[in-house]
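One structure below.
We did not get these values from a lab; they are worked out from the coordinates using the rules stated. The shown structure was predicted, so the numbers you read here are calculated from the model rather than taken from an experiment. With ideal geometry, Cβ positions are generated from the backbone for all residues, glycine too; neighbour counts draw on all protein chains shown.
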Amino acid sequence: MELLEKLSFYFTYPFVRYALIVGVLISLCSSLLGVTLVLKRFSFIGDGLSHVAFGAMAIAAVVGLTNDMLIVLPITIVCAVLLLRTGQNTKIKGDAAVAMISVGALAIGYLIMNIFSTSSNLSGDVCTTLFGSTSILTLTKTEVWLCIVLSLIVVAAFFFFYNKIFCVTFDESFSKATGTKTEIYNLIIAVIIAVIIVLAMNLVGSLLISALVIFPALSAMRMFKSFKSVTVCSAVLSVFCSSLGILVSVLFGTPVGSTIVAVDIVAFICSTVIGKIAGGVRK
Amino acid sequence: MTAQLTCRNLCLGYDGKEILHNLNFEIYAGEYLCIVGENGSGKSTLMKTVLGLQKPLSGEILTGDGLSSNEIGYLPQQTIVQKDFPATVSEIVLSGCQGACGIRPFYTKEEKKRAVENIEKMGITHLAKRCYRELSGGQQQRVLLARALCATKKMLLLDEPVSGLDPKVTEEMYGLIQTLNKDGITMIMISHDIGSALKYASHILHIGKTVFYGTKEEYVANGGFTTNGGER
């Protein structure tokens, strides 16, 4: 009872409501694409791209742009397109390319911040960008609206391209051979992912984005057997875990990002157990 | 009568290295062509080129007799991604219709009906709601064959359709392919198995150090079987 009172008290503050709205939307978007990414063996692209976004943010901070979205989003989209361009003639393959860009961007970003930063609390700034510790609680109304609009676009795009995304994920050569324009859909997937990651940096910071992308998808894949049910379950699970994580962190004052990820881990363990039991019963 | 598929002076390779030089062959409707050759002789490269996944170094591939280049159904070898893919048989078979969709986001009733019919044709109706990753190798091949049938009514390209299957299932698979061929679908099969190629195919294309193209009878008369008969 006491908890509920405390909760309703916190909800009178707009920043708590904003955090919840943004959290739910971002986790919904990231989980939708998560299934595709995990299956395409691109689990780590979230990590790689978020480090790129971190590097871009460092540049934006140094240049002194007030709205760093203008520089962060394009750079991240370009990198996503380059990484997902799984052409046969790419010299550096998937995981190596992701690792290279990820580490490279992280190092360059930190370097730039270190050399040019005017802030007195440098390690605090870096920590905030990496773990997103409080930025979700300091969202402005404009940022919330931006997030809502972008999320709607992502969800709509996913809905309309669902069948095509399935084809491109399951068997790219077959789709291409039978006349599907796989390059375009790969491009769309890459752009959507970049948008999600830039959005999600506010929520959990760049180190933990991978968790939002892959945990719900992996959990859903333990329990369900069709692509549609896995996608739906992943979305529901992700929204549930993020809401719970945000509420817990508000109530107990824990860091938002890591709390959400902790809840995701618990959900993953539960799903694995449920999947094992259900599988055992069927056999 | 024009050929469904004509390869004219085709040179294949990648990274500028040529592995096949001046390849010429034609396939007419209803034929069953088996492409044989050692590993590395360029079988897969040839297949990718026919499917339009790769550009030939020179020469051309022409389609005719009412076949357009994206109407070639394709039974690929399984990839690692597919081994643990969470999707039901119906979902996968239906995805074969995607090529015809263009920009349209959803499948039509006819396409869904077609998927159901092809599932039935492959004798896997009882598996329609099952998850692909739980099926046996032979069942998975049937699923992919049903998907390929959704993409074409005219020509199928099979890439080592029986690799990894046990002898009994292999025979069933060859039988199934033969039935489809008798129903009027042109078959191009890539195979290691020259014995079976001679048993089922109407034409043989042997690529490697020596290139041979002709009917099965010509191939046997040419001594192709005796020189390569040991390789199975």
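Brief remarks on what is shown
- Model label points for residue A:3 and residue B:120, set 7 angstrom from Cα along the Cα-to-Cβ axis, are 5.5 nm apart.
- Taking chain B as a Gaussian network of alpha-carbon nodes connected by springs under 10 Å, the highest mean-square fluctuation of the residues B:104, B:133, B:114 belongs to B:104.
- Local charge for residue B:61 was computed over the other residues whose Cβ lies under 15 Å away, with Lys and Arg +1 and Asp and Glu -1, and equals -1.
- Ranking of A:41, B:147 by count of other Cβ atoms within 10 Å, fewest first: A:41, B:147
- Potential extension, residue A:229-residue A:103 segment - 0.36 nm per residue separation minus Cα distance: 41.9 nm
- Eligible lysines near residue A:276 by straight Cα distance, threshold 21 Å, same-chain separation 8 or greater: A:225, A:228, B:83, B:129
- When the stretch A:2-278 is described by a simple charge dipole with +1 on each Lys and Arg Cβ and -1 on each Asp and Glu Cβ, the residue from A:231, A:20, A:206 located farthest towards its positive end is A:231.
- Global form of chain A, assessed from the alpha-carbon gyration tensor, a/c cut-off 1.5: oblate
- Magnitude of the charge dipole, chain A, Cβ model with Lys/Arg +1 and Asp/Glu -1, debye to 20: 1020 debye
- Pairs from the list B:154/B:182; A:181/B:121; B:168/B:199; A:40/B:153 with a Cα-Cα gap above 18 Å: A:181/B:121; A:40/B:153.
- Estimated distance in nm for a label pair at residue A:10 and residue B:9, the labels positioned 7 Å out from Cα along Cα-to-Cβ: 7.5 nm
- Extending 7 Å from the Cα toward the beta-carbon at both residue A:41 and residue B:62 defines two label points whose distance is 4.0 nm.
- Folded to 0 to 90 degrees: helix B:167-182 orientation relative to chain B principal axis, Cα: 90 degrees
- Kyte-Doolittle mean at least -0.5 and Cα axial length at least 18 Å: DSSP H helices in chain A: A:14-39, A:45-63, A:69-84, A:94-116, A:141-160, A:182-204, A:209-223, A:227-252, A:256-282
- If R0 is 45 Å, the Cβ-Cβ spacing of residue B:22 and residue B:110 corresponds to a FRET efficiency of close to 0.55.
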